[in-house]
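Each value in this text was obtained by applying a stated rule to the coordinates, not by laboratory testing. Please read all numbers here as calculations on a predicted model, not as lab measurements. As a convention, Cβ positions derive from the backbone with ideal geometry for all residues, glycine included, and neighbour counts pool all protein chains shown.
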Amino acid sequence: MNNILGKILRFAKPYKFYGILNIISNVLYAFFNVLSIIIFIPTLGILFDNQEKVYQKPVYEGFSNLKTYAENSLNYFLTDKVSADGPMAALAFICIASVFIFFLKNFFRYAALYFLAFLRTGMVKDIQDQLYHKTVDLPISFFSEKRKGDLLARMTSDVKEVEGSIINSLEALVREPITIVIVLATMLGISAKLTLFVFLFLPIAGFLISVVGKKLKAQSAEAQKETGKFLSFLEETLTGLKVIKGFNAEQSLAKKFTDSTDKFKNIMTSVLHRKGLASPFSEFLGVAVVITVLWYGGSLVFDEGSNLKPQDFMGYIGLFYTIINPVKAITTVNYSIKKGNAAAERIFEILETKNPIADKIDAKVVTDLKNGIEFKNVAFKYIDELVVKDFNLAIKKGQTVALVGQSGSGKSTIANLITRFYDVNSGSIAIDGENIKNITKKSLRGLMGLVTQDSILFNDSVKNNICLGKPLATDEEIIEAAKIANAHEFIVNLPNGYDTNIGDSGNKLSGGQKQRLSIARAVLKNPPIMILDEATSALDTESERLVQDALEKMMQNRTSLVIAHRLSTIQNADSIIVMNKGEIVEQGTHEELMKSQKGYKKLVELQTLA
C-alpha cells in the first residue's frame, strides 16, 4: 500500500506549493480547533464561580514555562475584568473571543480545501494525460492482448476511484495527524495521568476497527476487473450492433451482460457492507472509550489529591471527543486507500508497461528515401507459429511493388513490420542500408503514407481529418490533396464543405468517400514511401474506379508497397510478389507471372470467374 501511495504522490510534485499552503492552513485550523475548546474552560470557571484568581501580572520565564504563563495571563485578565466590570463583562469577552476563534478555525479549514483543489484536480489531469500518452505510445501488439473496454475502464472508473479513494484521502492524511498531535499535546498539558490512561484504549479500538477492512482491497480489485469486462462487452456490442440484430442475438448477449453486472453487484454489495460497518463500529468503540474516560477522569476530579479541576476535566472531555473524529477519519482513510489501491495498481500496470518497440539512445533521424528498401531473411510470428518465413525483397526508389496471395499469407504483416508496428523476430528491414531499428520511429513513419482497407477517420471536420499528418497545412494544400484523391467534388457538396463534421468514424460518408479522404490525408503528407493495404477491397465498382484513379495519381514518383486483394488493381506494378503461408512463391511483372502458369495465374483466373 505504501508503495502505491508513494507512486501516486509523485504526481503531487508539480503542485507542492499548493501542498505546502494546504499543510500550513491545516496546522492553523488544528490550532484554532483546539483553542475553540480550551476557551470554554475559563467560561465554565466563571459560571461555576470556580475560576482561579490571579491578582499579580505573571512574568514570562521561558518556553518551558509557557503553559503556566499563558494560563496565569488569562486568569489575571479575567480576574481584573470580573473585579472591574463584573462576571458578565468577562463572559461577554470570552463569547466574542470564541466567535473570532471559530471564524478563524473555519476560515483556515476552507483555505486548506481551497489549496487542495488545485493539487487534486492537477494530479487527476496528469494521471489521465500520462495514461493517454502511454496508451498511444504502446505497440499495436499490446492492444491485441487487452480488451479495449478494460483500457477505457482504467482511464475512467479506475482514475475516478483513485481520485475518490486516495487523492481525497490526502487531506485527511495531512490534517488529522496534525490535529491529533496538537490535541494530544494539549491533553497532556491538562492531565498527563488521564492521557496515559487513554492511550491504553485507543490502540485496542484501532486494532478492532482494522479487522473489518481486511478483505476490502481484494474485493475492490475484483470489482474494478469486472467493470473492465462489462465496459469492454458494451464497447463490442455498440461496434457490432448490426450483426447482433441481424442474427437475432440480443437475448443471448444481454444474458452475458447481466451475468457480468450481477457479479459486479454482488461484489460491490459486499464492499459497501464492509465500508458501511466501519463508521458505526468505530463510533461505538469511540463512545465506549469516552465513557471509560469519563469514569476514570471523574474519579480523578473527586480525588482530593488530584490537581484536575472540574472545568479542566470538561474541557479535556471536549478535546478527547475532538480527537475521536480524526482517529476515525484516519481509519476511514485506511479503508479508502485499500479500496483505491486496487484501481491504482491497474493504472500503474499500464503506466509501467515497457514498450518493446522503443527508440535506441543513438537512433538516427531520416528525412528522405535515397536508394530503396530491403528485407533480408525476415521471419515473424504473432504468437507461436511463424506467419512470415525467410522473406527477402528489395524495392528500389520509385518502384511500385505489389504483394498478393490468399488471406493469411502474410501480406499485411509485411506492412506492419516495415512501419515497426511490430518488430521482426529475425532478419532485418533496411532503408538506404540502415536497419529500421536504428532509426527513430517518428522519422521512420514520417517517410510513409498509410492507406488501409478500413478507413480510420475521426469525429471531426473534413479539413482536420485530411491534415492529420500535416496540421499546419494551408487551405490551398488541403484542397489540392483532395483534388488528387478525387474527393474535392463531393466535399464541396457537403453542408459546410471542408468544415463539415463527418461523425463518429466518418459514418456520415459512404465507403468510397471515406477511402478518398484517407487517400487525401496520405497525399497531403507527401511521403516518399506509400503503403496501401488492400485500399480498394471493400468498395463497390464505381467507388473502386474513383479510388483506384486517385491511388494511381498519388503513387506517381513515389516508392509504393501495395497489398492487393483485387488483382486488377496492380497489373501495372513494377514487380508482383506472390505469397503463400508467409513465403514468396513467385515474383515478376503481371505479364511474366501470367506466362509462368503458376499460383498468380490461378488467382487471376479465379477472380475473373468470380
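Close Lys pairs in the stretch 88-163 (alpha-carbon distance under 25 Å; sequence gap of 8 or more, or different chains): 9.
The stretch 1-30 and the stretch 500-533 have Cα centres spaced 47 Å apart.
If R0 is 41 Å, the Cβ-Cβ spacing of Asn464 and Glu349 corresponds to a FRET efficiency of close to 0.80. Annotation for Lys193 and Leu386: the two label points, set 7 Å from Cα along the Cα-Cβ direction, are 8.9 nm apart. Extending 7 Å from the Cα toward the beta-carbon at both Ala117 and Met594 defines two label points whose distance is 7.5 nm. Taking 20 Å as the limit for the C-alpha separation, the pairs Lys263/Lys339; Lys229/Lys265; Lys364/Lys437; Lys16/Lys328 exceed it in the case of Lys16/Lys328.
With the simple spin-label model, which puts each label point 7 Å out from Cα in the Cβ direction, the Phe284 to Met88 separation comes to 4.9 nm.
Using the Cβ-Cβ distance between Lys397 and Val365 with R0 set to 22 Å, the FRET efficiency from 1/(1 + (r/R0)^6) comes to roughly 0.70. At an R0 of 41 angstrom, the distance between the Cβ atoms of Phe421 and Thr474 translates into a FRET efficiency of 0.85. Extension gain, Lys265-Thr440: 0.36 nm per intervening residue step, less the Cα-Cα distance, totals 58.2 nm.
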